[in-house]
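These notes are about the structure you will find just below.
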Amino acid sequence: MRDRFPLLVLGSLLLAGVLGTFLVRGAQRGGFADPLSTFRAEPDGARALYLLAQESGLPVTRNMADLRLLSGHQALVLLAVEVQDSHEEDPDQTRLASDPDAGTDGEDAPHQGFNALRAQQLDDDEVERVLAHVRAGASLVYVPWGSRENALLDELGVKLDKADVTLPMRTLVPPLPTPYTLGVERVEAKVQAYLRLPEGAVTVLEDERLGFPVAAVVPAGKGRVLVVGAPELAMNPALARADNAQFWLSALGALGPGPYAFDEFHHGFTNERSIVDFARRYGLHFAVAQLLLGVVLWAGALKRFGRPLPPPESMRVGATDALFAMSRLYREGQHHAFAAGLISRGLTQQLAPLAGLPSHSTADAVAQGLRSRGRQDLAEGLLDVNRQASAVQKDADLQALATSAAHLRERIHPAGTGRPRPGTP
């Protein structure tokens with residue numbers, strides 16, 4: 001174990017470093033949330049959109065529970081929320097997709113820190129509940145990430161066509177005046193997907209050059225769904241370009257009185273409190289790092305590197321002189337029996353706790369207790385030492401008794417067998 005201990009310490013430090021780095025990166029201010037989360041203040045977050053709507057007088061809130069239970073007529077806002085069992089019907093479009101970590105060009109919404117484990121997809125039950133909520137008269141803003149079809153878009157009759165990732169930022173214009181684009185002349189954003197709309201849908205924004213729809217309002221029962229194929233349009237820096245901010249204010253205002261519930265549950269945020277949530281939001285990573293450091297130091301204090309250091313010369317000489325003086329007193333006074341009784345009594349007191357008995361118990365009682373606990377070797381050794389103690393008459397007998405007691409003490413450990421002495425195989 002001693003040979004492996006430095007390796008264990010090194011592995012523990014490496015693990016602590018990896019976990020510490022993971023926590024530090026995940027707890028950065030505004031950087032712990034997923035892209036298009038209203039908690040994220042990084043360039044690919046949507047915190048500016050949330051604050052814009054809030055400061056403009058629109059009633060906004062964050063939804064941190066699943067969507068199986070919806071009440072009232074609140075308008076849901078789903079930004080880059082993945083839907084279970086998404087698929088690509090046209091394999092040729094996948095050739096336009098970039099690598100999974102290609103930012104806004106990728107097909108998979110990236111996750112940050114612990115959200116990779118906590119973020120959930122919109123399942124079938126939630127899709128049905130959301131659609132029932134909309135058909136009952138509520139509104140929905142859905143900004144899909146990528147161009148894959150899913151159950152929610154299929155129910156709305158909307159298909160997505162992957163935009164060429166090599167195209168630069170696009171200029172989007174309203175094809176006709178609508179309340180959703182009040183005060184909007186042009187919008188600038190990078191497009192991920194163009195829309196193929198069902199009959200009755202109203203195109204809100206289209207590519208100025210190509211003429212393909214990018215944002216549209218699709219009726220669903222008594223409600224309406226605003227579908228936007230440009231997630232970058234909701235990101236923080238995009239609101240400062242052209243009429244992007246005005247588009248969101250006009251579109252949200254035209255969808256109804258609100259309140260507008262931005263979904264954060266599927267970005268990994270819930271109402272449940274945990275150490276992980278506090279670490280991500282309030283910077284408890286330093287406390288966790290200190291705890292890990294304390295554990296490492298505590299583990300290191302339990303073991304000794306290298307061989308034990310010899311005691312100081314003065315202590316060694318003093319202890320040796322005291323031992324010789326005591327032995328001479330016993331030898332000159334012919335107190336061999338008394339010394340043997342001390343050795344036997346000390347061994348009995350040391351073995352008594354292993355037998356579950358008080359230290360003043362007799363040797364026979366301690367031996368019986370050791371047998372009942374499966375330590376037959378210690379019981380026989382104790383009785384043998386007691387027999388030797390009663391027969392001690394000279395120095396050689398006393399030395400043999402002390403040697404037997406020392407060998408028996410070496411066997412007092414959970415393994416139940418004696419420790420090998422130096423020089424023995």
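The values are calculated or read from the model by the stated rules, or taken from the named source; none is laboratory data. These figures come from a predicted structure and were not determined experimentally. We place every Cβ from the backbone using ideal geometry, glycine too, and count neighbours over all the protein chains shown. These area figures cover heavy atoms from the full protein model, side chains too; ligands, DNA and RNA do not enter into them. Shrake-Rupley method; radii C 1.70, N 1.55, O 1.52, S 1.80 Å.
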* Structure fact -> By the Cα gyration tensor axes a ≥ b ≥ c (a/c under 1.5 gives rounded; else a/b larger than b/c gives prolate, otherwise oblate), the shape of the range 35-90 is oblate
* Structure fact -> With every protein chain in place, the accessible area of L51 for a 1.4 Å probe, in Å² rounded to the nearest 10, comes to 60
* Rounded, prolate or oblate: pick one for the range 148-264, where a ≥ b ≥ c are the square roots of the eigenvalues of its C-alpha gyration tensor, a/c under 1.5 means rounded, and failing that, prolate if a/b is larger than b/c, else oblate. => rounded
* Additional length obtainable on full extension of the chain from E128 to R373, 0.36 nm per residue less Cα span -> 81.7 nm
* Structure fact -> Ranked output for segments 64-72, 165-173, 191-199 by mean other Cβ atoms within 10 Å, highest leading, reads 191-199, 165-173, 64-72
* Accessible area in the full protein assembly, largest first, 1.4 Å probe, for H87, H73, H267, H360 -> H360, H73, H87, H267
* Grab the Cα-Cα distance for A65 and L7, subtract it from 0.36 nm times how many residues apart they are, and report the gain in nm with one decimal. => 16.4 nm
